[in-house]
Amino acid sequence: MSTVDRVRVQERSLGWHERANERIRQSERLRALLLAGPGGLWLLLFFLLPTAIVFAYSFAHRGPYGAVAWAFTLENYARLFDWLYIRVFLVSVWLALLTTLICLVIGYPFAFVIARSPRRWRNALLVLVLIPFWTNFLVRTYAIMLLLRADGLINNALQWLGLIDRPLSMLFTPFAVVLGLVYGYLPFMILPIYASIEKFDFTLVEAAQDLGANAWHVFWRILLPLTLPGVLAGSILVFIPSVGAFVTPDLLGGGKVVMIANLINQQFLTVRHWPFGSAISFVLMAIVLAATMLYFRIGETRRI
Amino acid sequence: MTPTFLATETACASGMGGTEPLERPIDVELLDVTKVFENGVVAVDRVSLQIYRGEFFSLLGPSGCGKTTTLRMIAGFEHPSAGEVLIEGRRMGHTPPFRRNVNTVFQNYALFPHMTVFDNVAFGLRMKGIPRDEIARRVREALHLVRLSGMEERYPRQLSGGQQQRVALARALVNRPRVLLLDEPLGALDLKLRKEMQLELKHLQMTVGITFIYVTHDQEEALTMSDRIAVMNAGRVLQVGTPMEIYERPASRFVADFIGESNFLRGTVQAASPAAATVLLADRFPIEVPADRQLTVGQEVTVAVRPEKIRLVPVEAPEANGLLHGRIEEVIYIGTDTFYVVRVSDDTALRVRSQNDRNRLDGGLLLPIGTPVSLTWATDAARILTE
């Protein structure tokens, strides 16, 4: 091998394509930065920074006139172990779980029917699911209040039919809150489940039937496991806003059903104890984070 | 198992004779089955079939001919609008799929993606409540049969197309059905793998001795594997027979055209006896053709001759007193064979397939375009077809 050849081989071996790769990597990094940059900046300014401030508040004292007094304390978190507050958390999680379960039980068959209906009807049915969103959430919640009131439509109708002689007290009960939450968040359950059922390959049902499975087996062993991603996504989309709901328990619970968000609202605006409000906010975030992580964990082990 | 298989071979060997084995039990019977879909489409039109025990039976036809619908009615996924499906002599009526002693291998395999190979194969046995250790044993056996031992813990997405195909087979066979239904099971595989799987399927069927009903649009596949074939078109069964019968004695123009290749020549009957007729082809060539019924003089008929049955000889050759005379118009060399297009009159040209075999005069070296040639065939190579 001549010297010239050897030099060429060397050049080739540590040579041009590595430099080219390096250049490609650099340009890919630049592109990623440009694409993610605006969103990242937004999150930094309007999410991470405020969260950091609230986090800092949660370790501060309440000043005499409701100001934040900067001295480190864990007292705000310790106070949460008071049964009064634990109860609020338990009630919130319970009502949110109940809402999720009811949405699932109503939403799954509903999504199934939409996904299995003739293609030309499907979009119309989906629009029907979304129509409530055209009206303001607050207006819809007031409408529910009108229905549930002692002299509301439901009580009047039941009394007129002679089924009851005294009005049922439905408003300002956990029932009213769950009703409002289910009503508000049901579409968030239906849509992801619809998407999974729509993707589901129904020849698998035939295959299972062919192998001796009846309707029950087909549902539990084939359909449900394979549409689980939709069920999990729907559940998380209903649970998270439910557990942190504010307007619904405020209006339909009328101060008698207090959920976490009402407590936070109270601490910030009425009691003016910002540090305690911040601590509650952080525990709420922790609950949501735990739910999300559970979702990803299940999603990973059941990956299809 | 073995006697069934031998009987099958006999049926095959009897070939041209077309004698159907009489004493063999019938596994599946269709009596005047019709299926009309909600939109008014008649998918299957008065189909009657008898499928014998241990037989490899194919439903062959172009897409939309009703073959898959017929299979789905046997499986129980569809119910006949009229007529009756019988399995092992019992009327099926509206019996659901899970109460029929048949299993299906689906076109796209329909393996359960969230289950391992083991769980896929075990599914049917679990549904029947078979004890755990027996399930394990039978699943192992079934996987061994399809040469997938050691793949138990894989998921379908981790397997190649051919392996998925085998899992689908094992999943059906492990239930020991009376009849296995296969809906174009090789359709998704590439050509080479398909050819391998054809032979493998045939061997598997001989080993297990289960009746196979096989749906395909691929005539070569049907000829390769089947004991008998039913050729379907537009919802109807046009002909049922062994591969040899179907190929050598097609009953209609559709069958002659769909299976293999044929020259269709229009002609007029000049003379007729119960067993044969003389047909004038292209207004010039009187040809003797066997007939299976009495034809009338002056009747217009179609004569079918397969390209490979025709012998082509240059006119200068001493033995060149052929049936038809013409000139070579086109020469297509395809390796093993050469196709010649020979024009015998202004409106008639024939395709001739000639094997490139050095012992034959027309092999070895190709005849050039324009060569005057004469064409001959054995009398029984031509068929008179009804439309």
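The values are calculated or read from the model by the stated rules, or taken from the named source; none is laboratory data. Model, not experiment: these values are computed from the prediction. All Cβ positions, glycine included, derive from the backbone under ideal geometry; neighbour counts span all protein chains shown. Ligands, DNA and RNA are stripped out before the accessible areas are found, and what is left, the full protein with its side chains, is counted by its heavy atoms. Shrake-Rupley method; radii C 1.70, N 1.55, O 1.52, S 1.80 Å.
Tell me which residues, restricted to segment B:79-109, are among the hydroxyl-bearing types (Ser, Thr, Tyr) and facing chain A (nearest Cβ under 10 Å).
Scanning segment B:79-109 gives B:Thr104, B:Tyr109.
Do you know which of the residues in segment A:246-304 that are farther than 30 Å from A:Arg149 by Cα and among the polar types (S, T, N, Q) is nearest to the chain's Cα centre (by Cα)? Only one residue tops the list, namely A:Thr292. Could you look through segment A:250-280, keep only residues that are part of a helix (DSSP H, G or I) and touching a Lys or Arg at 6+ places or on another chain (Cβ under 9 Å), and pick out the one that is nearest to the other protein chains (Cβ to nearest Cβ)? Per the criteria, the residue is A:Ala279.
Among the residues making up segment B:166-192, those that are without any contact (Cβ under 8 Å) to a residue 60 or more places away in the chain and surrounded by 21 or more Cβ atoms within 10 Å (Cβ to Cβ) are B:Arg166, B:Val167, B:Ala170, B:Val174, B:Leu186.
What helices (runs of 4 or more DSSP H) completely inside segment A:43-162 contain at least 3 residues that are closer than 21 Å to A:Leu179 by Cα?
Those helices (runs of 4 or more DSSP H) span A:83-116, A:119-130, A:137-148, A:153-160.
Evaluating B:Ser63 against the criteria (1) part of a strand (DSSP E or B); (2) of a type in the set (Ser, Thr, Tyr); (3) exposed (fewer than 15 other Cβ atoms within 10 Å of the Cβ) leaves one unmet condition, (1). Number of residues in segment A:180-200 that are in contact with a helix residue (DSSP H, G or I) (Cβ under 8 Å, 6 or more places away or on another chain) and within 14 Å of another protein chain (Cβ to nearest Cβ) equals 2. In this structure, does A:Val283 turn out to be more than 14 Å from chain B (Cβ to nearest Cβ), in contact (Cβ under 8 Å) with a residue 60 or more places away in the chain, assigned to a helix (DSSP H, G or I) and surrounded by fewer than 19 Cβ atoms within 10 Å (Cβ to Cβ)? The answer is yes for A:Val283. Restricted to segment B:292-316, and to residues that are hydrophobic (A, V, I, L, M, F, W, C) and surrounded by fewer than 18 Cβ atoms within 10 Å (Cβ to Cβ), which residue is farthest from the chain's Cα centre (by Cα)? Checking each candidate, the answer is B:Val315.
Of all residues in segment B:238-255, exactly one satisfies the criterion of being among the β-branched types (Val, Ile, Thr) and part of a loop (DSSP other than H, G, I, E, B), namely B:Thr242.
Evaluating B:Leu281 against the criteria (1) open to solvent by 50 Å² or more (accessible area, probe 1.4 Å); (2) more than 20 Å from B:Phe56 (Cα to Cα) leaves one unmet condition, (1). If you filter segment B:125-140 down to residues that are facing chain A (nearest Cβ under 9 Å) and outside any loop (DSSP other than H, G, I, E, B), you find that the one that is nearest to B:Leu182 (Cα to Cα) is B:Leu125. Criterion applied to B:Ala122, B:Ala75 was being open to solvent by less than 10 Å² (accessible area, probe 1.4 Å), facing chain A (nearest Cβ under 7 Å) and touching a helix residue (DSSP H, G or I) at 6+ places or on another chain (Cβ under 7 Å), and the one residue passing it is B:Ala75.
Within segment A:95-137, which residues are within 21 Å of the chain's Cα centre (by Cα), among the polar types (S, T, N, Q) and open to solvent by less than 20 Å² (accessible area, probe 1.4 Å)? A:Thr99, A:Thr100 - these are the residues of segment A:95-137 that are within 21 Å of the chain's Cα centre (by Cα), among the polar types (S, T, N, Q) and open to solvent by less than 20 Å² (accessible area, probe 1.4 Å).
Residue count for segment B:207-216 satisfying the condition of being of a type in the set (A, V, I, L, M, F, W, C), modelled with pLDDT of 90 or more and either more than 15 Å from the chain's Cα centre (by Cα) or surrounded by fewer than 18 Cβ atoms within 10 Å (Cβ to Cβ) (or both): 1.
Residues in segment A:206-238 that are β-branched (Val, Ile, Thr) and at the interface with another protein chain (Cβ under 9 Å from one of its Cβ atoms): A:Ile222 alone. Within segment B:223-237, residues that are part of a loop (DSSP other than H, G, I, E, B) reach partners that are of a type in the set (Asp, Glu) and open to solvent by 10 Å² or more (accessible area, probe 1.4 Å) with beta carbons closer than 7 Å, at six or more positions or on different chains, in the pairs B:Gly235/B:Asp45. Taking every residue in segment A:79-102 that is without any contact (Cβ under 8 Å) to a residue 40 or more places away in the chain and pairing it with any residue that is open to solvent by 20 Å² or more (accessible area, probe 1.4 Å) and of a type in the set (Val, Ile, Thr), at least 6 positions away or on another chain, yields no pair with a Cβ-Cβ distance below 6 Å.
For segment B:141-183, the set of residues classified as part of a loop (DSSP other than H, G, I, E, B), under 25 Å from B:Ile87 (Cβ atoms) and of a type in the set (A, V, I, L, M, F, W, C) consists of B:Val146, B:Val174, listed by residue number.
Consider B:Phe112 carefully, then state whether it is under 24 Å from B:Ser160 (Cα atoms), within 31 Å of the chain's Cα centre (by Cα) and within 9 Å of chain A (Cβ to nearest Cβ).
yes
Taken together, the criteria place B:Ser81 among residues that are closer than 30 Å to B:Gly235 by Cβ and among the polar types (S, T, N, Q).
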